[in-house]
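Single-structure report; data block below.
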Amino acid sequence: MSAENTSSKGLAWWGAGGLLRRQVAPQIGWLLIVIVVGFAVVWPIVQLQYRAFIDGGSAFTRMGELPRIGDTVRTTVILAFMSSALAVLVGTFLAWCASLLPRRVQKFGELAPLLPLIVPAVAAVTGWIFLLSPKVGYLNMMLRQLPLLSGLEEGPFDIYTVKWIVLITGMLLSSFVYVFVHTGLKNMGQELEAAAAACGASPVRILFTVTLPLLRPSIIFAAGVVFLLGMGQFTAPLLLGRTSRIDVLTTEMFHLTLRYPIDYGLGAALGFPILIAGFIVVMLQKLALGEQRRYVVVSARSKYDARSTRWWAAGVIGLYLLVTTVLPLLALTYVSLSPFWSGSLVMTELTTRHWKSVLDNPVLVNAVWTSIKTSVIAIAILIPLGFGMAFALLQSTRIFKPIRMAIDFLATLPMAVPASLMGFGLLFAYTRPPIQIYGTAAVLVVTYITLMIGHSTRLQFTTLVATGQEFLEASKACGGGALRSLLQILLPLCRKGIGATAALTFVLLFHEFSASLMVRSARTQVIGSVMYDVWTGGVYSEVAVLALIMVLVTVIGVMIAVWIGGSESLKKI
Amino acid sequence: MKQLDTILPGLGRFALATAVLATTLTAAFAPSSVSAQQSWNNVLAAAKKEGKVVLYSATPPSLGNRLVAGFKKAYPDIDIEFTRGPSGEILTKVGQEQSGGVDGADVFISTELEWFRARAKEGKLLKPVGPEAATWPAKYIREGSVITAGLEPLTIVYNTKLIGANPPTSYADMLRPEYKGRLGTSELASTLLIAWYDWLEKTQGKDYLQKLRAQNPKLYNGTTPLAQSLAAGEIAVGAFGNITAFKTLMDQGAPVKYVLPNPGLGFEYAMGGLAWSRRPNAALVLMDYVMSKAGQTAWSGTGEGASPRTDVPGAIPAAAITAWDSSAYPPEVVNKYRAYWSGIFK
Amino acid sequence: MQELKVEALVKQYPGRDKVIAVNNVDIEVQAGEMLVLLGPSGCGKTTLLRCVAGLEDAQQGKITLEGKAVFDASIQFNQPTHLRDIGMVFQNYSLWPHMTVQRNVEYPLRARGVAASERDKRVKDVLEVVQCGHLTDRLPAMLSGGQQQRIALARALAPKPKIMLLDEPLSNLDALLRVELRAHLRAIHREVGFTGIYVTHDQIEAFNLGTRVAVMRAGKIEQLGTAREVYDRPATEYVAKFLGIRNVLALKAEGGWMSDAGRLEGDLGILSAHKGPLQMYVRPDAVHMSAGGEAAPSGGSFSLGGGRVVDALYSGGEIDYVLDVGGQTLYVSTHSAKTAFNPGDAVRVNFAHRDALIYSNDKLVSG
């Protein structure tokens, strides 16, 4: 076959080694991905922001006229900074504690700080309301039993304050910081710390002189991620802020979607500062860490276990688990079994009727199924798409550079845009031609793909980098074609990483609340959005039931993903 | 598989359009007096063929569930899908469905009367043609197609465990010093709330809202979250409430009670069949059911509200309720008031 | 006939530096021959190998395998790796960790569509050849480094490829294992008779295994010849240095020949044809020492007087001397039995004409 090629005049276009198959076809394939993903990701944002700037920016004038807009912006900034600072502190401290865990509890103890991730933010916040409402929060009531506080009629804590929104958001975000910093610590190995210990440094001194400086890339990366999440934070301000007149930009945006006709220009104007801040954070991350470091690469862990261990570290992690997961879940369980949310702990009146009424309600059950189905469909598209994009990012020479840069950009952009803003943009884009899919389940699938394509790409990129190119080269050298290499070599090798990506994506999508609430229609609901509806128009016991169903389905989903991806994949998360 | 139906809504559209055309033609060409029953039978037959009706309603879940159960019993051949939400929220969704050509609500019930009137003037609401419409009091059919399906008085509510003797009976009582910090009220979740705050100022004095604000009330997104907090004891008194929202909790044994203040304000639930509906006949049938004696008994026979009909046992008489005048609150006024209210309360 | 022919190959990496990793290289490999690419890291030897494998896209030139072009820049033709029918052994083995030894070795046979019965036989045979017949059901993680590399070799050999490409296959092994496997590899090459290219930075490996050796420098072939030719007559100073010839005398014609180690004595007749500066390389084991008082030997040798023993390093059967000759350090390796000098002794060094590699303008002019 190749002999003809050499003998013919001109360029070799055809055949396996020809230009068409080798150069043109792949570029067209990648270009297609860039165009489709680019449309999904960029179009809504561009469309929306255009609305903010037409008519000489009158939308910004309207924004300036909003009551208390100054307070809203200030609250947004405070919330973003304080909660991400708290998350970084707590997450890093937890990771350090995890590194000090005694061997006997190490395995569970390292996973424990991830458990809050299985409790969706809506559920956690609801649980916290039951615990910390100033007068009837269970925790508050118990604290008031203490001799020092017995004189109080309410409190000592009031969850409906900026302080507590910051605290709760910070706690919710600290798990993410833990993931990155913990991985960083693991990769660092123990030799450097051991060396410092051999020089006579105490654990605390080691922490500040050796560990933290070395972890700087991980911490900077994590700080950027949680700052973006904190700025787009929506759940806690929405559920906690309203009762005491606390608004942030995202909740203002959400209020807009409740008024007909929706003032998209105003929403775009409200989202503009968030968008700009998002870009700045991503650029700073890029500058601070350099191209490579943005990707946290998992490598083999050290063979030696020369750590000095501390039992109090297990205590810290246990306390964290108790506070972030166990207590809210207990409160939810109790309320779900109570006839109504009451400020008393009377075990005699417990009932399962709210569980029955939720499970008998076709709207709610449908929403659960819609959530599962749309998440699973989205994941089925996201995994191969993200895998392809991650693969493209790894190809240094064979992909036309602008295409590779475009893919990199598309994998980064969704991370810079908070879900609530993205949801608002998607609502705008998909309620009108050319793609009018509002009101169908398709809009949820498209929304989920748009939100998660960045995560899917980044996580699988990490897997691919860790897997190494040489296994693929070995396959090619052994005569394996593209398909054989992919199916028999690359995919089996990446199975755990893909399983972990699928599990994490499922958790994030099933818990997705901010964007879902924006793009849902009355008849296409997901569990997060119906939960909000029950919240605003039903009995809180049913909210608790739904929250617990969310937790249960999450656990089952993660277990299935782990079963597919192998038990190691949980660690990869 | 159900996803596919919603993803590809256009599939059954042609068939539907034909059916609608057929019934409209039949109605138009038939001699009116003789065949009113005949043409209604045609509607019923077409509705059966449509097989389903979608109701969006701002009524509390319990009320909605009663209506749904009753309708299922009366028309077992027609499936009913019910979506509940706060008035403003579902109104936005309906508006988006209209502009986006999305298959959504067939019948819509909400307190946003003016929205219905505007749509009716545009000819975007179905004319109720069922037998019940013929006898419905004219006062409660506006623009020929906006039906007042029920009326409710606004109430003051309190927690019986926290407020023993001397419960509040009027809006003036909201300003009692002992209620400071223990009071709850609603945000401007719908136009009704705007009218109510406006009415409070007019009846209780110009500085009433300032004084109410000074009581440092907790704000809730509508009456349901307020009801939950009241039942839990987070607040002792709620200035804003409607009976249906509290009935659910009272049925569960929650320690809440309501009082009808005098003077007091009430509101109407407006109902309309949406002209862009994919199931117009089923919509007409559902509307007819809501207006029937059975429907109205399901609605207000529990004593939660009033019926325009006079033959509903257990209902509050409609005449006792002064409903707010929605026509006095067009969008410009609403937006202005929103800013004014936020200035005081936020 | 030649199995592989590389003509005027150029490979330049993109990026700011635009490193030219392979610069206009021509090589031919005959059937059954093992060509060793030898050079320090960064000289382009691995890139050249990867171009042959099709794992890198070159910019210019042509690569022909068994008479058929697999790469031809002039018509923009580049056959994908998996169609080239090659066998490749990687530095870090690259055995697929999720497959057993059996599955790893039969993979290339499956990829080529070899029938099951034939496949099993071939796997069995080739595992016998690498002495790993008992490991078929193991996973790579359960194997030692040496075993892994044998399996990797078996995997590459199994389909009887047109050419074997070995990329520093022994460099990750410890010293003893390396010696053992080197001998084994040599035996297999004899036995199977495959055609191969072998990349290494280790000259002993190169001379042991190579039918011919190509020394590479900055993307170019510096010298190509049999192991003997390259060893005995390093074509340039670069090759001489790379081969570890440590004694270097820079000679200037100043009424005779002066070096940093003093005036060159002995039989200088063969230098008379040269005028300009010369570089003379002498292997430590080619230098002989005599007591300081003795005269320079009369014929066929060069000599330097005025040396002094700085240090004597005993290493088993040999003694390595470090000398100071006129301020320059020279190295001598001798059998301990023959001579015995102590630090501080005055010595004279002598070396035969045939052991002196003389370069003029970086060209070997004698030796």
- prompt: Helix C:101-111 versus the longest principal axis of chain C: what angle, 0 to 90°, nearest 10, using Cα atoms?
  reply: 70 degrees
query: Given only helices, namely DSSP H runs of n ≥ 4 each adding -39500 (n - 2.57), what is the per-residue ellipticity at 222 nm of chain C, to the nearest 500 deg cm²/dmol?
result: -7000 deg cm²/dmol
query: How fast does the range B:199-346 diffuse by Stokes-Einstein, in µm²/s, taking the Kirkwood radius from C-alpha pairs at 4 °C and 1.567 mPa s?
result: 71 µm²/s
message: What number results when the radius of gyration of chain B, computed over Cα atoms, is divided by 2.2 N^0.38 Å?
response: 1.05
message: To make sure I understand the rule: partners must be lysines, Cα under 19 Å from the Cα of A:Lys373, and not fewer than 8 residues away in the same chain. Which ones qualify?
response: B:Lys2
Student exercise, the range C:245-366 dipole from Lys, Arg, Asp, Glu Cβ charges, in Debye to nearest 20: 300 debye
- prompt: Which net charge results when you count Lys and Arg as +1 and Asp and Glu as -1 among the other residues whose beta-carbon is under 13 Å from that of C:Ala152?
  reply: -2
query: Over the Cα atoms of the range C:2-235, how large are the radius of gyration and the largest Cα-Cα distance (Dmax), in Å?
result: 17.5, 53
message: How shielded is A:436-449 by partner chains, expressed as the average number of their Cβ atoms within 10 Å of its Cβ atoms?
response: 4
- request: Given a cut-off of 26 Å, name the pairs among B:Lys218/B:Lys336; B:Lys139/B:Lys257; A:Lys135/A:Lys356; C:Lys220/C:Lys241; C:Lys62/C:Lys220 whose C-alpha atoms lie farther apart than that in the structure shown.
  value: B:Lys139/B:Lys257; A:Lys135/A:Lys356
task: Among the listed pairs B:Lys121/B:Lys202; C:Lys68/C:Lys162; C:Lys124/C:Lys162; A:Lys286/C:Lys11; B:Lys202/B:Lys247, give every one whose C-alpha distance is greater than 22 Å.
output: B:Lys121/B:Lys202; A:Lys286/C:Lys11; B:Lys202/B:Lys247
query: So what's the back-of-envelope 222 nm ellipticity for chain A, counting only DSSP H runs of four-plus at -39500 (n - 2.57) apiece and dividing by all residues, rounded to 500?
result: -23000 deg cm²/dmol
message: With 10 angstrom as the radius, rank B:Thr244, C:Thr64, B:Thr160 by how many other C-beta atoms surround their C-beta, starting from the fewest.
response: B:Thr160, C:Thr64, B:Thr244
message: As a test of the formula, what do you get for chain B when each DSSP H run with n ≥ 4 contributes -39,500 (n - 2.57) and the sum is divided by the residue count, at 222 nm and rounded to the nearest 500 deg cm²/dmol?
response: -13500 deg cm²/dmol
- prompt: Roughly what % antiparallel, to the nearest 5, for the DSSP beta bridges in the protein assembly as shown?
  reply: 75 percent
Dipole of the range C:2-235, positive direction: furthest Cα of C:Gly225, C:Tyr13, C:Pro40, with charges on the beta-carbon: C:Tyr13
query: Which far-off residues, 5 or more places away or on another chain, put their amide H under 5 Å from the one on B:Leu154, with H placed in the peptide plane?
result: B:Leu265, B:Gly266, B:Phe267
In the range A:147-214, GluC sites (Glu not before Pro) in a DSSP loop with at most 12 other beta-carbon atoms within 10 Å: A:Glu153
Share of pairwise Cα separations in the range C:173-215, more than 16 Å, in percent: 34 percent
task: Could you check which residue among C:Gly256, C:Gly266, C:Gly32 shows the biggest mean-square fluctuation in a GNM of chain C with a 10 Å Cα cutoff?
output: C:Gly256
query: Which helices, taking whole DSSP H runs in chain B, have alpha carbons extending 15 angstrom or more along the helix axis plus mean Kyte-Doolittle at least 0.0?
result: B:13-29, B:280-291
- request: Beta carbons within 10 angstrom, averaged per residue: use that to sort the peptides C:313-326, C:153-166, A:134-147, C:344-357, highest first.
  value: C:153-166, C:344-357, A:134-147, C:313-326
- prompt: Which three lengths, in whole Å and largest first, does the range A:145-211 cover when its Cα atoms are put on their principal axes?
  reply: 55, 28, 17
- request: Would you kindly compute the Cα radius of gyration of chain A and its largest Cα-Cα separation (Dmax), both in Å?
  value: 25.3, 99
Sum of side-chain charges, B:Asn159 neighbourhood, beta-carbon under 12 Å (Lys, Arg +1; Asp, Glu -1): +3
message: Contact order normalised by length for chain A, with contacts defined as Cα pairs under 8 Å and 6 or more residues apart; what percent is it?
response: 21 percent
query: Cα axis of helix C:116-129 to longest principal axis of chain C: angle in degrees, 0 to 90, nearest 10?
result: 20 degrees
- request: Give me the angle, in degrees from 0 to 90, between the Cα long axis of helix C:175-192 and the longest principal axis of the Cα atoms of chain C, rounded to the nearest 10.
  value: 60 degrees
- prompt: Cα to Cα, under 21 Å, and not fewer than 8 places away if on the same chain: which lysines meet these conditions relative to B:Lys73?
  reply: B:Lys48, B:Lys49, B:Lys52, B:Lys293
field: Whole-number percent relative contact order across the range C:245-366, with pairs defined as alpha carbons under 8 Å at least 6 apart
entry: 29 percent
As computed over the protein assembly as shown, the Cα convex hull volume per residue (Å³): 244 Å³
- prompt: Under a straight-distance cross-link criterion of Cα-Cα below 17 Å, which aspartates and glutamates are reachable from C:Lys121, leaving out those fewer than 8 residues away in the same chain?
  reply: C:Glu106, C:Asp137
task: For each of A:Cys199, A:Cys478, A:Cys494, C:Cys43, count neighbouring Cβ atoms within 10 Å of the residue's Cβ, then give the residues from fewest to most.
output: A:Cys199, A:Cys494, C:Cys43, A:Cys478
field: Partner chain coverage, peptide A:489-495 - average Cβ within 10 angstrom
entry: 2
message: I'd like the mean, over residues of A:533-544, of how many other protein chain beta carbons sit within 10 Å of each residue's own Cβ.
response: 6
Of A:Val534, A:Leu167, A:Phe60, farthest towards positive along the dipole that unit charges on Lys, Arg, Asp, Glu beta carbons give the protein assembly as shown: A:Val534
Total charge dipole magnitude, the protein assembly as shown, about the Cα centre, Cβ charges on Lys, Arg, Asp, Glu only, Debye to nearest 20: 1200 debye
task: Let me see the pair-distance distribution of the range C:245-366: every alpha carbon pair, 5 Å bin width, integer percents in order.
output: 2, 11, 23, 25, 19, 10, 6, 2, 0
- prompt: What chymotrypsin sites (Phe, Trp or Tyr not before Pro) does the range A:83-122 have in DSSP loop regions with at most 16 other beta carbons within 10 Å?
  reply: none
task: Net charge near A:Val136: determine it from the other residues with C-beta under 15 Å of the C-beta of A:Val136, scoring Lys and Arg +1 and Asp and Glu -1.
output: +1
- prompt: With all pairs of different alpha carbon atoms counted, what Kirkwood hydrodynamic radius in Å does the range A:129-270 show?
  reply: 18.8 Å
- request: Could you give the size of the charge dipole of the range B:231-346 about its Cα centre, using +1 on the Cβ of each K and R and -1 on the Cβ of each D and E, expressed in debye and rounded to the nearest 20?
  value: 240 debye
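Throughout, read-outs are computed from the coordinates displayed, never taken from laboratory work. The shown structure was predicted, so the numbers you read here are calculated from the model rather than taken from an experiment. For neighbour counting, all protein chains shown are included, and Cβ atoms are generated from backbone atoms with ideal geometry for every residue, glycine included.
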